[in-house]
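Below is one structure, written out as structure tokens, with a few remarks after it.
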Amino acid sequence: MKILFVAAEAAPIAKVGGMGDVVGTLTPILRKMGHDVRILMPYYGFLPDKLEIPEKSVWQGSAMFQTFDIFETVLPGTDVPLYLLGHAAFAPRRIYQGDDEPWRFTFFANGGAQFALNYWQPNVIHCHDWHTGMIPVWMYKTPEIKTVFTIHNLAYQGPARSHVEEMAWCPPYMQENNVMAGAIQFADCVNTVSPTYAKQIQTPEYGEALDALLALKKDKIVGVVNGIDPDQYNPATDSNLDQPFSIETLDQRVTNKIALQKQVGLEVNSGAFLVSMVTRLVEQKGLDIVLPILEQYLSYTGDQFLVLGTGEERYETQLREISERYPGRMSVQLLYNDGLSRRIYGGSDAFLMPSRFEPCGISQMMAMRYGCVPIVRHTGGLVDTVSPHNPIEKTGTGYCFNLYESLDLYTSLIRASESYLYRETWKELQIRGMSQDFSWERSARKYIQLYQDILSPTAETLPSVTSPESK
Ligand SMILES: Nc1ncnc2c1ncn2[C@@H]1O[C@H](COP(=O)(O)OP(=O)(O)O[C@H]2O[C@H](CO)[C@@H](O)[C@H](O)[C@H]2O)[C@@H](O)[C@H]1O
């Protein structure tokens, strides 16, 4: 099959969060499985620092009364052909943010549709999040090209239909009120990145006002859990760690904890329970239930707390203020740094992920792979990837709480902190986490099945798209 991934991010060269991980990791695996998979991404201003890009474009197209250039290169470390859509709108050294976001990504999606129609025609366009959400709408009348739309973040839904109409051609059959809704209506298949979240978004609590539409389209909505690349994220070979380790040499892991404490300005104390977060500092990630109890937690225990992240100013400010009151006990690193994130996974005792909602979550899998025990709110993909620790039956991989409330979170933190004193049990818990199979192969096979289903639908798998006009 010929599959074109169209996305705003692709790790390792353009990544803000988990969507970049998925695009950068799933594509080489699908190629290994024998499919011609390629990526189309914007040509951001910072990309020449990260990879070789030929000066000459391979194709020139036009969209929304603008011309754009397509440059062809390869995603570093893989054999995946990478096409970069070059236009002045993407020249700034940023992926997101800026008032022009609705325009530049609508333009990118339009360019993507033109690219697939006129330059490299795939069997399936695999679109990611609202930035590419108009592609399924525009491709609806092109039955030879099918579309899969993956929801990584339902909360960001893109411009309203009326706004799209001012910028681009908006087909009369698109009746939904924004780009995300249009994509859900017209993609041949919609998937989220875990089975639990796929069900949750069909309810008012998690549907971000699209639950009714999602419930209506439930026959074409599936959940495919994300994975991580076990070779790329391997504590035994990761050069970011001071002391690489494996299950067999887990006792050596403490060297990384000490090095991490030194690096981020925490008291060097191998016995202190060190809880970390690596996250985008946004509402989704549960800062609203962490901040109210953080001071009590630090004053009632001798534990340490570390945050690596960037995002909303209100969270950055509050975290910084609390950390100033707890020097040596709490450290806040307001930056994006892949190497440091791995040192945190490889050196902290526990990884906190109290998400309000979580489509899948990749960080908790990375944490487990590196022997860092997750403490999670049991929602979405965190249900599918972390199981509650039961010290008597010796099962489970982490600490889980259910309510999106500070008190429930606090109880979990204290339970984890106290359990840490029982080192042998803790070590068993770490080993169970490290032994989980989070590799992409199983999920990649599910994606292949999903592409095949929409290319040759049987009565059972036929997408139940209903629209005023038939295809
Ligand atoms: N400051 C920082 N420095 C270094 N690295 C940082 C960082 N902040 C975040 N990261 C990294 O970004 C990634 C975060 O991925 P997640 O899947 O956990 O969440 P995200 O909400 O971004 O993804 C969304 O898309 C993914 C992919 O589908 C879903 O798993 C998820 O549920 C959904 O919210 C991890 O690789 C993490 O290490």
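Observations on the model:
- All of LYS50, LYS2 fail the test of being under 16 Å from ILE125 (Cβ atoms) and surrounded by fewer than 20 Cβ atoms within 10 Å (Cβ to Cβ), apart from LYS2.
- Pair list, Cβ under 6 Å, 6 or more apart: segment 270-294 residue basic (Lys, Arg), other residue within 16 Å of the ligand (Cβ to nearest atom) and open to solvent by less than 10 Å² (accessible area, probe 1.4 Å): LYS285/SER355
- Test: residue in segment 418-425 that is within 14 Å of the ligand (Cβ to nearest atom) and either modelled with pLDDT under 95 or part of a loop (DSSP other than H, G, I, E, B) (or both): no
- Matching residues, segment 5-23, being open to solvent by less than 20 Å² (accessible area, probe 1.4 Å), in contact (Cβ under 8 Å) with a residue 24 or more places away in the chain and near the ligand (Cβ under 10 Å from one of its atoms): GLU9, GLY17, MET19, ASP21, VAL22, VAL23
- Flag for ALA181 being open to solvent by 10 Å² or more (accessible area, probe 1.4 Å) and part of a helix (DSSP H, G or I): no
- Verdict on GLY380 being more than 8 Å from the ligand (Cβ to nearest atom) and small (Gly, Ala, Ser): no
- Scanning segment 149-178 for residues that are in a loop (DSSP other than H, G, I, E, B), open to solvent by 50 Å² or more (accessible area, probe 1.4 Å) and hydroxyl-bearing (Ser, Thr, Tyr) yields one hit, TYR156.
- Strands (runs of 3 or more DSSP E) lying entirely in segment 1-94 (those with 1 or more residues that are of a type in the set (D, E, K, R)): 2-6, 36-42, 66-74
- VAL80 falls short of the stated requirement of being farther than 19 Å from PHE108 by Cα, out of contact with any helix residue (DSSP H, G or I) (no Cβ under 6 Å at 6 or more places or on another chain) and either of a type in the set (A, V, I, L, M, F, W, C) or not assigned by TED's automatic domain parsing to the domain that holds TRP120 (or both).
- Tally, over segment 306-342, of residues that are open to solvent by less than 40 Å² (accessible area, probe 1.4 Å), within 15 Å of the ligand (Cβ to nearest atom) and over 26 Å from ILE228 (Cβ atoms): 2
- Here VAL190 passes the criteria (1) without any contact (Cβ under 8 Å) to a residue 60 or more places away in the chain; (2) surrounded by fewer than 22 Cβ atoms within 10 Å (Cβ to Cβ) except the one numbered (2).
The values are calculated or read from the model by the stated rules, or taken from the named source; none is laboratory data. No experiment lies behind these values; they were computed from the predicted model shown. A quick note on method: Cβ atoms are made from the backbone with ideal geometry, for glycine too, and the neighbour counts reach across all protein chains shown. The accessibility values were calculated without ligands, DNA or RNA, using every heavy atom of the protein model including side chains. Shrake-Rupley method; radii C 1.70, N 1.55, O 1.52, S 1.80 Å.
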